[in-house]
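What follows is a set of notes on a single structure, which appears directly below.
Read-outs throughout are calculated quantities, based only on the coordinates presented, and are distinct from any laboratory measurement. Treat the numbers as computed from the prediction; the structure is a model and nothing was measured. Note: ideal-geometry Cβ built from the backbone for every residue, glycine included; neighbour counts use all protein chains shown.
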Amino acid sequence: MTMKRIIFIVLTVLAFSAFAEFRPAKRYVELGVNVNANASENLIPVLDVLQKDLVLDFSKIYSDMGKNGFVLSAGASAEAYLDFNFKKFGIGFHGGAEVSSRFNISKDLFGLVAEGFEAGTPKNIEINSWVQTFATFSMPFYFRIKNLKLRFTPTYFLPLVYVPSVPAKIVVDHKEDGTTSINANASVDVYTINKFDGLVKDGKFSFDFLNGMDYLGLTKNLLACGGFDLGIGIEYPLSKKLDVGGYANIPILPGRMKGKVNMNLEANVEMPSLLDMAFGSDKIDKSWSMSDLEYTDASYKVSRPLRCGLELAYHPWKNWMTLSAAVGFGLRNPYGKDFSKANFYPEYDLGAEFIIFYFLGLGIHTEYTQQVFAHTFQLILNAKIIQVDVAVGLASSDFIKSFKIEGARARFGFKMGW
Amino acid sequence: MRQKIFYTGAFALLVTLLFCACNNFSNLSIPEKVSIKTDAKYGVVLGEKYYSGISDKLGSELTDKLKNASEGIDVYNYIPDGTNDTLQYLMHKKVYEVPLDFGEYLKDVDLDNMLSNSTDGISFSKDVTLPEINETKELSFALSDITGKMKMTQDNPSISIPVVPELGTEKDLTQLFIDNSLSNKVKTEFKYAKLIQFTADSKVKIIVTRTDTNEMSDDFSINLVASIGNQTYRGETVFQEVKVESSNIAKNGGVIELALNDGHDGKLPSGFEVVIGGTYSGGAMPKVHSYKIEIDMSSAKIKAFYKIDKTNGTADTSDDMDISSFNIPINQEISLDSMSNIIKSAIIGNGLLDIKIKKPAGLQGVELELESFSMVGLTGLNIVKTDFSNTPDASYILDKVLKFEDLADGKKTLDFENSADKTITISGNVNINLDDYNDITDTGGATIDLGEDGNNTNLVGNVKVNLATIKSATANLSDLLKFEMGEGKENEKQLPETVIKYVSKIGFGEKKDGKYYKHDENGDLTTSISEGLGIKCKVLNTLPAGNDINIKIKSELFNMDSTDPAKWKDDGGAVIPSGTDSAEPVNWVSYPTIDFSDYADPPYIDLSIKPLNAEQTLKNLELGKTYKFGISNVEFVFDWDSVVMKLNSGAIDPVQGNIDLSDLSLKKITESLGESAKEIFDCVEIPSLPVYFYVQKPDSSSLDEMIGNISLQGKMSFEYKDEGTSKTEYILGNDGYENLEFSNPMQWPKESTEYTNDLSEQDCTMSYDMENVLNGNKEDLMLAYDIKLDDGKDCTIYKAVFDDIKEGETTSIAIDAAIVLPLELKFKEGSTIDILKIAGVDSSEKKDLLSRSSFDSTENYAEYCKSIEYIRLEYNIDNQIFDGSDLSIQLDDTHEGEANKEQYSGIKKTVSFVEDGMIEFEGEEIESILTHFFMPKISIVSGKEGNVKILRSAIAEGSSIGFTPKIVIQLDDKSPICITDILKK
């Protein structure tokens, strides 16, 4: 599930560019960079925390908390590109990297503080987290057939490090006879693009394995691990004021992770009742085990989501104002072993952009992408040759909370050309 | 354009409003104080605590203690009313008894069980298995030991003919031997025997091998002729010539075979010759050849040796060549260990010892002689060679026989008792003599014929020992059959004192026409025959006739001796007759008159039953048989007919005794609770402890009539110490005896440990509630009694009187005391017991229950109590032990009346003592505890009916009392808890 979310984030970034194509290009040649960052949590609004006298109302936090518990997600991406835009056709070269992560604590932990506990009702606290990093190289191109514009985005992506899921579980069971048991276990699987045996030694990173490595051979092997998919976009102006279109992203070849590092942790505590400890000889029985890091060969396949949707753009005053809407759906890892109904997710994006005084643009978007609700404000400074885009916004996995500052999204874009 | 500017401005305003509406940005700050608000409720079960093992303490341990209060006390679980669940014990003791049914006393002694139990009794069963001794040991001698020494020798068994020339003409082969100085004769010779005979298929092989490789002419030939020439012995040809001519066979080598058993009877002189001859012819000079000729006897086998000359071959004097002496050793052992467990010594009766060796057909001039022999063992057995007799039998070369019945007892006695080794050892030697051939005139000389195939090589025979009977044996029966009872023995038993006090004589019937008849209740003789006094049992004795086992039964007290005709009126004494092959019942009884008149003190019951003679001689036992003898189902017979009672009050001393009730006093009970007993002692008292007395005489009117007009008088008192002063409180009589009225007869359970009748509803002679003498500071309580008979007279009571008395009816004059002990304490109304004092908590110490000498350290936390709605201690009690429903536990920290009461929390709580409940402290109360000292008085408080009683279920197996406490903390979300402040503190 977590892995699919990671892929979804990656594709959502691509979706941005897909929506961007829906807008007319302003320069024949564009050289630019885009930097995105986002972070969100759903526990308490940031502005509520930044109070001199902070009161954490756990009863309210708990009751307001969704069934998934506490979710902390963060991600960042950077991209550089060179695009050539002509009337009938265009082509571009994009390269970048991105990292995404998510950390989740189940609701039961907050229930301990907010509701307390009763004997005979075990508390299952689950902690889940994942991290994913990708490098992507794409070469989008488009051409027009009369009024019909077709856009293709073949993308080669290379998964670098992939932590699909670190399920950790803590079960606290205070029984009706007064005894208490605490059992915790975690199994950490970190997939890497290659098997890096001995990366961690004695708790420290060690790069001894790089000595004598066949870098040329390694590079070939690494590149062979990349995946490939194809984005297709189509748009057609129904009138001078209204454009309609569709988009799709079709995974063709999954990326492969060839190395795996595994570690297991387990801890058990058996506590006799307080009476038995006070009046008897019973003692707390503790055990703790942590396995050594195990480096193994793996063949873990990662596909990017299959996405499909419709979009439209309304220009009441030519390019001075654009109202856009998109609706679609995605299927995470559609060819993966873990594919199920749960891999389906919807997405939407509603936006409005205004161009003021030719060089200043303002935009506002509300969207549900990456399974996060976000509302962003966009500022565009266009000095013909140089253009700067800045977007900031609120984000949260909960729609209501998305209007409070529990998370933020920011984008910075710079491009130049003519 | 205006429109564009308007919409753009409106959009910018909308974005600004959105951000401003979300939050008040002007108040943002880094948190300096962090608080938590929650209405969480925490429930922590502290555990379960159960106390078990109470059932034993209140059950068996307590009843054992009560039984020790005085001899003869029975303790019952008293359940007069099913609805009353208080555990009550009933202590019953016969404080006075005059026995009238003498048999009842002997029942208590339980002689039946003593006689028949497996360790001390006389019940036994013994199987004596005499081993079957019929053993045969094979004897064997290999004749090859003799014939093997008659070795064969050969002269020149291999001949080389170095030059056989091709001359073209026929020439005599013999000449070649002569020319080469070789012999053409090969002699074979056997030692010792003058004549030999080979088996029919024996042959001598003449093996010719050409040893040259020269060219040989085709027409060259050799005709080899080999023969065993006519051989003579003492001038007579004993072997015809055997000649084989072979044309050309030897030209390139070959084999010629000559039969060795051919002609006449096949005999050869022990030295015979193979002669080589023939011709050779053809060929052309100068071709020359060479040959080797070997005489091979490997396929020849000797059938017989004749005319053995033991001195022949004197040239070879080595031992292995000596055939002058051969022996057959005899060695055998027979174990008689299994006979030694009961038989001390024995004399063998019939039996046979036989040494035989068969005579082979081909043996002549060979004699066997028993050179030496001994059969010894078990000290007395001593048989030698001369004890045998010869029994000539042509089929045996040796036949020696010995019959044990012909031997004197002195030679065949087996002493098991004094012999460490219970083994018979047989040893000896048989010598083989060969008839020697002396000279040519001697017609004798031994012949050893090994049969047609030469394999009949053994002399076989055996030594056979067959013991059939034991003429007589001495057996020790005293360890098997022994019962002794009396003073100083482990099973010693005294007659009850009351028996000799009130009984003078016991009779077992009146003799008439040789039989003993019993009397009816009026003293008239009946036709009912008394079974007498003694033992009844089943006996078994399968020993042969003449082996009766005589038993001696003797008792001074019962005036009987089975070996004394004056004291054993039954004919024949006590005997287990031989030939009794199934268990048959016998009565070994007498009809004495027992007289207790001379005994000042209670005598010990003496009774001995054992064999008349410690060692019994058993006769004519057959070996290989199992004999059984034993005694089983032993019963003591005491079929008394009359008893003479001494009920003359003038002649009988009063009976005095006491019952120790010191453990029942309140002081003793509370002391057992430890140092803090005083705290409890002042608050409780024993609510009730009644004692009932029942004075009884026989139910039977006829028995009552026999003993006449009799009454009882007595004195009874409680003796105790009150504040150290000895006191006596009479409940019957005082200076003199007081008459005791007879009550209805009582029956006390014999088997059951429960008593279910309500004593308070039964008529008793007198009763008394000991409550007054048990409460307060009284201790060392004793119930003393002094009872005597009055108006009595001596009388004879016939047992027939008791025949009509039903089971359980009173047959004695007796006084029963019954004490009812309810396990219950009464708390005085409004009394309180300070639990902290009992627990040893010193309130004078300047620390409260939270170990604080000041509350400075805790009052800082008081403000957080607002965040606590309450802290509650809930507890579940699982109680099967006691009931104290009117009691409660009070926690009082008000310190009313004390000058400094303000410094205490002022909290006062009351909770249930024995039922589920809880004690709750609200936030304000907790705050009060944190800001004040907390040194409450914790007391057990009683209401009006403040009794604590032990439940009957307390003595059920596995009963226990347990409690499960649980702490519940309910937080209040109206008051946040400041974490940063707590951390600073």
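Other chains near A:111-120: what is the mean number of their Cβ atoms within 10 Å of each residue's Cβ? Could the numbers behind the result be given before it?
Numbers: counts 1, 3, 4, 7, 5, 11, 5, 7, 5, 2.
Mean shielding count: 5.
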Report the semi-axes of the equivalent ellipsoid for the stretch B:872-965 in whole Å, largest first, where each axis is √(5λ) for an eigenvalue λ of the Cα gyration tensor.
32, 16, 9
Chain A, helix-only ellipticity at 222 nm - DSSP H runs n ≥ 4, -39,500 (n - 2.57), divided by all residues, nearest 500
-3500 deg cm²/dmol
For the stretch B:470-530, what does the alpha-carbon gyration tensor say about shape, rounded, prolate or oblate, given a ≥ b ≥ c as the root eigenvalues, a/c under 1.5 as rounded, and a/b over b/c as prolate?
oblate
Quick query: amide H of B:Leu732 versus all other amide H atoms, modeled in the peptide plane; which residues come in under 5 Å with a sequence gap of 5 or more or a different chain?
B:Met716
Take B:Thr169, B:Thr474, B:Thr447 and order them by how many other Cβ atoms sit within 10 Å, fewest up front.
B:Thr169, B:Thr474, B:Thr447
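Trypsin sites (Lys or Arg not before Pro), restricted to the stretch A:329-403: which are DSSP loop and have at most 12 other Cβ atoms within 10 Å? Provide the component values of the computation, followed by the final result.
Numbers: sites: A:Arg332, A:Lys337, A:Lys341, A:Lys384, A:Lys401; in loops: A:Arg332, A:Lys337, A:Lys384.
Taking the stretch A:329-403 and a limit of 12 other Cβ atoms within 10 Å, the loop trypsin sites (Lys or Arg not before Pro) found are A:Lys337, A:Lys384.
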In whole angstrom, the spacing between the Cα centers of the stretch B:186-231 and the stretch B:428-487 equals 50
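Using helices alone, what [θ] at 222 nm do you get for chain B, with -39,500 (n - 2.57) per DSSP H run of 4 or more residues, divided over all residues and rounded to the nearest 500?
Values: 16 runs with 107 residues, N = 985.
Result for chain B, helices only: -2500 deg cm²/dmol.
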Once the dipole of the protein assembly as shown is set up from charges on Cβ (+1 Lys and Arg, -1 Asp and Glu), the residue from the list B:Pro80, B:Tyr627, B:Leu789 lying farthest towards its positive end is B:Pro80
How would you rank B:Leu115, B:Leu983, going from fewest to most other Cβ atoms within 10 Å of each one's own Cβ?
B:Leu983, B:Leu115
Determine ³J(HN,Hα), in whole Hz, for all residues of the stretch B:287-295 in sequence, where each value follows from phi through the Karplus function 6.51 cos²θ - 1.76 cosθ + 1.60 and θ = phi - 60°; x replaces Gly and Pro.
5, 9, 10, 9, 9, 10, 10, 10, 9
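Run through the stretch A:87-161 and list the trypsin sites (Lys or Arg not before Pro) located in a DSSP loop whose Cβ has at most 13 other Cβ atoms within 10 Å.
On the way: sites: A:Lys87, A:Lys88, A:Arg102, A:Lys107, A:Lys123, A:Arg144, A:Lys146, A:Lys149, A:Arg151; in loops: A:Lys87, A:Lys88, A:Lys146.
Hits after loop and neighbour filter: A:Lys87, A:Lys88, A:Lys146.
Would you please name the GluC sites (Glu not before Pro) within the stretch B:454-562 that are DSSP coil residues with at most 11 other C-beta atoms within 10 Å of their C-beta? Don't skip to the answer; put the middle values down first.
Values: sites: B:Glu484, B:Glu487, B:Glu490, B:Glu492, B:Glu497, B:Glu510, B:Glu521, B:Glu531, B:Glu556; in loops: B:Glu487, B:Glu490, B:Glu492, B:Glu521, B:Glu531, B:Glu556.
Listed in order of number, the matching sites are B:Glu487, B:Glu490.
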Taking only the C-alpha atoms, wrap a convex hull around the protein assembly as shown and report its volume per residue in Å³ as a whole number.
447
Taking the alpha-carbon centre of each part, the distance from the stretch B:780-826 to the stretch B:488-505 in Å is 19
Rounding to the nearest 10 and keeping the result within 0 to 90°, find how far the Cα-based axis of helix A:2-21 lies from the longest principal axis of chain A.
20
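First check a/c for the stretch B:703-778, with a ≥ b ≥ c the square roots of the eigenvalues of its C-alpha gyration tensor; if it is under 1.5, answer rounded, and if not, answer prolate when a/b is larger than b/c or oblate otherwise. Write out the running numbers ahead of the final one.
Numbers: a/c = 2.91, a/b = 1.37, b/c = 2.12.
Because a/c hits 1.5 or more and a/b fails to exceed b/c, the stretch B:703-778 counts as oblate.
Averaged over all directions, how much area does the convex hull of the C-alpha atoms of the stretch A:309-360 cover when projected, in nm²?
Numbers: hull surface 19.8 nm².
If you wrap the Cα atoms of the stretch A:309-360 in a convex hull and average its projections, you get 4.9 nm².
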What are the principal axis extents of the Cα atoms in the stretch B:354-474, in Å, biggest first?
65, 30, 25
Roughly how far apart, in whole Å, are the Cα centres of the stretch B:555-600 and the stretch A:280-296?
83
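To make sure I understand, if each residue's beta carbon is the centre and we count other beta carbons within 10 Å, what order do B:Trp640, A:Trp317 fall in, fewest to most? The partial results should precede the final answer.
Details: B:Trp640 21, A:Trp317 14.
Neighbour counts put them in this order, fewest first: A:Trp317, B:Trp640.
What is chain B by shape, rounded, prolate or oblate, if you read a ≥ b ≥ c off the alpha carbon gyration tensor as root eigenvalues and call it rounded for a/c under 1.5, prolate for a/b larger than b/c, and oblate otherwise? The partial results should precede the final answer.
Values: a/c = 5.68, a/b = 1.67, b/c = 3.41.
Oblate, since a/c reaches 1.5 and b/c is not below a/b.
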TM-like helix rule applied to chain B (DSSP H, alpha carbon span at least 27 Å on the long axis, mean Kyte-Doolittle at least 0.0) gives B:2-22
Based on Cα positions only, what radius of gyration and what Dmax would you give for chain A, in angstroms?
25.3, 91
Among B:Ile293, A:Phe279, B:Phe718, the residue whose Cα sits farthest towards the positive end of the charge dipole of the protein assembly as shown, when +1 is placed on the Cβ of each Lys and Arg and -1 on the Cβ of each Asp and Glu, is B:Ile293
